[in-house]
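S.K.: Let me begin by handing over the structure; questions about it come next.
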Amino acid sequence: MNNNIKGLLLIIFGMLLFIVHDTLIKLTVNDLSLLQILAFRATVGSLILIFYLLYTKQNIVFSSAYPYVAVFRGLSFFIGFLLFFISLSKIGLAEATSLFFVSPFFITIFSYFILKNEIGINRIFSIIVGFSGTLLIIKPDFTNINIYMTFPIITACSYALSMTLAKKTADKDSLFQQTFHIYVGSFIGGTLISALIYNSDINFNILDNLNNHWILNDIQTVFFILFIGVLGSVGIISLIGAYRIGSPLINAPAEYVHLIFAVILGFFIFDELPDFYSFIGMFMIIVSGIYIVFRENRKNILVVTKTTLRS
């Protein structure tokens, strides 16, 4: 078995872990504290990363040569995925997943302004097609817009900005340092917002999932939340391994299998089935996204992936 096939299998395995991870959060987000899940997930991810670095005898470095950028990346990443997981409780799994797949378009845009990469007419057309696909999914009538449909798009934007900044700071900060910054941002964000909510009379209406209290006295619940963290962390490791041994031109388009998994699990577990226009929108996002992936990778500008450093 050659390395490209191994990388492809790791991508599929990682996507499977991520969709199970998202499904478990969707099943429990109304009963458990989403902030606790994110904080615990960050803790699990940090521990796994530390053990990996110790095992491979690499230096463990938490600091950054770009401290302000690191803080911004960590907090924006946390806020973005906090909104994404909140959206899972309000809209379909496939819709949320497909709307997040607009991240390559945002990466292309941010690459132009931050990395000074040129954008040709073909990629501009792909961006227009991709965002047109999001409109088919959201179907805004401008009188009753579903605010939760915008959350995955905000997540895609914050993710894209974070990935572009990661590319910008890669000359001095390693992948493992950047991953630590994401985990630290999630842990601090989860604990601080929880403390703010519990010690004040603040009640989030749109973000009502944030009002749930942490559960620490139920061993089964704690282990369940830790299991969610393990799924996300192992998923990241699978993707990192895939891109280390396989071709990005093969791996990046394969990440769209996540959307197929989302449609299947959404139907069988939540009895959700996107309508015809939503399927057309998904198709437009996938086709235009894959085109951008190929264009970016062929020029060695930026590997556009959906879930690298996702946690």
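S.K.: Name the residues in region 28-51 that are farther than 17 Å from Leu175 by Cβ and free of Cβ contacts under 8 Å to residues at least 60 places away in the same chain, would you?
M.R.: Hit for region 28-51 is Leu47, nothing else.
S.K.: Could you say which residue among Val44, Val129, Val71, Val61 is in contact with a Gly (Cβ under 6 Å, 6 or more places away or on another chain) and modelled with pLDDT of 90 or more?
M.R.: Exactly one of Val44, Val129, Val71, Val61 is in contact with a Gly (Cβ under 6 Å, 6 or more places away or on another chain) and modelled with pLDDT of 90 or more, namely Val44.
Yes/no matrix, rows are residues, columns are (1) in contact (Cβ under 8 Å) with a residue 40 or more places away in the chain; (2) small (Gly, Ala, Ser); (3) part of a helix (DSSP H, G or I):
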residue: Ile236; (1), (2), (3): yes, no, yes
residue: Pro253; (1), (2), (3): yes, no, yes
residue: Phe268; (1), (2), (3): no, no, yes
residue: Glu272; (1), (2), (3): yes, no, no
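S.K.: Which condition number does Ser33 fail, the rest of (1) under 20 Å from Ser233 (Cβ atoms); (2) surrounded by fewer than 21 Cβ atoms within 10 Å (Cβ to Cβ); (3) of a type in the set (Ser, Thr, Tyr) being met?
M.R.: (2)
S.K.: Anything in region 198-245 that is acidic (Asp, Glu) and at pLDDT 80 or above? List them, or say none.
M.R.: Listed by number, the list holds a single entry, Asp218.
S.K.: Got at least one residue in region 190-210 being of a type outside the set (S, T, N, Q) and either touching a Pro at 6+ places or on another chain (Cβ under 8 Å) or crowded, with 22+ Cβ neighbours inside 10 Å (or both)?
M.R.: yes
S.K.: Within region 66-74, can one find any residue that is closer than 28 Å to Ser278 by Cβ and under 16 Å from the mean Cα position of the chain (by Cα)?
M.R.: Scanning region 66-74, I find no residue that is closer than 28 Å to Ser278 by Cβ and under 16 Å from the mean Cα position of the chain (by Cα), so the answer is no.
S.K.: Let me ask something else. Name every residue in region 10-38 that is hydrophobic (A, V, I, L, M, F, W, C), under 18 Å from Asp208 (Cα atoms) and touching a helix residue (DSSP H, G or I) at 6+ places or on another chain (Cβ under 6 Å), in order of residue number.
M.R.: Those that are hydrophobic (A, V, I, L, M, F, W, C), under 18 Å from Asp208 (Cα atoms) and touching a helix residue (DSSP H, G or I) at 6+ places or on another chain (Cβ under 6 Å): Ile25, Val29, Leu34, Leu35, Ile37, Leu38.
The values are calculated or read from the model by the stated rules, or taken from the named source; none is laboratory data. Computed from a predicted structure; not experimentally measured. All Cβ positions, even for glycine, are placed from backbone atoms using ideal geometry, and neighbour counts span all protein chains on display.
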